[in-house]
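What follows is a short report on a single structure.
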Amino acid sequence: MLILVLSLVLLATLVLMVVRRRYIGRLTSFATLLASIILMIWLQDSGLLPGTRGPLSDRRPQTSLDRPAPAPTLP
């Protein structure tokens, strides 16, 4: 839900940039901030940030913020 709201605000900002053509620097900075927040939420939900768990957690390298990997079982 939060990503949807942030995406709508980002879309409104981009439309405002095209329509009003004033304060382009400020609107560009605001759009960049919104896009980076959306990206960080998506990375956290996917488990790609250190210290998070998600469906892609096993694909990234382990860091000191992660739990220790379980010991391998002997055959």
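Summary of values
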| read-out | value |
| --- | --- |
| Condition broken by GLY47, with the remaining ones in (1) at negative phi; (2) touching a residue at least 12 places away in the same chain (Cβ under 8 Å) satisfied | (1) |
| Qualifying positions in region 51-70 - open to solvent by less than 90 Å² (accessible area, probe 1.4 Å) and closer than 26 Å to MET1 by Cα | GLY51, THR52, GLY54, LEU56, SER57 |
| Check on LEU48, surrounded by 10 or more Cβ atoms within 10 Å (Cβ to Cβ), assigned to a loop (DSSP other than H, G, I, E, B) and hydrophobic (A, V, I, L, M, F, W, C) | yes |
| The listed residue being among the aliphatic types (A, V, I, L, M) and in contact (Cβ under 8 Å) with a residue 24 or more places away in the chain, out of ILE24, ILE38 | ILE38 |
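One line per residue, one yes/no per condition, for (1) open to solvent by 100 Å² or more (accessible area, probe 1.4 Å); (2) more than 30 Å from ARG59 (Cβ to Cβ):
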residue	(1), (2)
LEU2	yes, no
VAL9	no, yes
ALA12	no, yes
MET17	no, yes
ARG20	yes, yes
GLY25	no, yes
THR28	no, yes
LEU39	no, no
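The values are calculated or read from the model by the stated rules, or taken from the named source; none is laboratory data. These numbers come from a predicted model, not from an experiment. Cβ atoms come from the backbone with ideal geometry, glycine included; neighbour counts cover every protein chain shown. In case anyone asks, the SASA skips ligands and DNA or RNA and just uses the protein heavy atoms, side chains included. Shrake-Rupley method; radii C 1.70, N 1.55, O 1.52, S 1.80 Å.
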